[in-house]
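Student: This structure is in structure tokens; I'll ask about it shortly.
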Amino acid sequence: MTVPIFGVIKFFRADRGFGFIRRDDAGGDVFVHASDLKRGGIDPNNVEDGRTRIGLDVERDHKGDKAINVTISTQLAPNNNGF
């Protein structure tokens with residue numbers, strides 16, 4: 001089961017192919033893999049820590065929350081600065 005949410009890239013390491021998204025709803029950080037960004041049409045080399053807004057679904061597995069169905073979001077953060 002997935003739950004649609006929004007957030008901002010907390011940090012992303014293109015050289016390692018993964019990072020984390022800070023959820024707007026304070027539900028904890030969500031793991032994101034480069035392949036999920038690419039599937040959403042997002043170049044992993046162009047995301048900016050603390051600035052790139054993301055729409056995503058969250059899938060929980062044995063390791064925790066994982067981002068799927070990732071898209072660039074034009075929705076403003078709750079206080080308009082990404083945090």
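Student: Would you point out the residue of the range 26-47, among those that are charged (D, E, K, R) and over 11 Å from the mean Cα position of the chain (by Cα), that is nearest to residue 14 (Cα to Cα)?
Tutor: It comes out as 43.
Student: Quick check on this structure: which one of 60, 51 is outside any loop (DSSP other than H, G, I, E, B) and of a type in the set (Lys, Arg)?
Tutor: 60
Student: Going by the structure shown, is residue 17 touching a helix residue (DSSP H, G or I) at 6+ places or on another chain (Cβ under 6 Å) and either polar (S, T, N, Q) or on the phi > 0 side of the Ramachandran plot (or both)?
Tutor: yes
Every number in this text was worked out from the coordinates using simple rules, so none of it is lab data. Because the structure is predicted, anything quoted here is derived from the model rather than measured. Here Cβ is always computed from backbone atoms with ideal geometry, including for glycine, and neighbour counts include all displayed protein chains.
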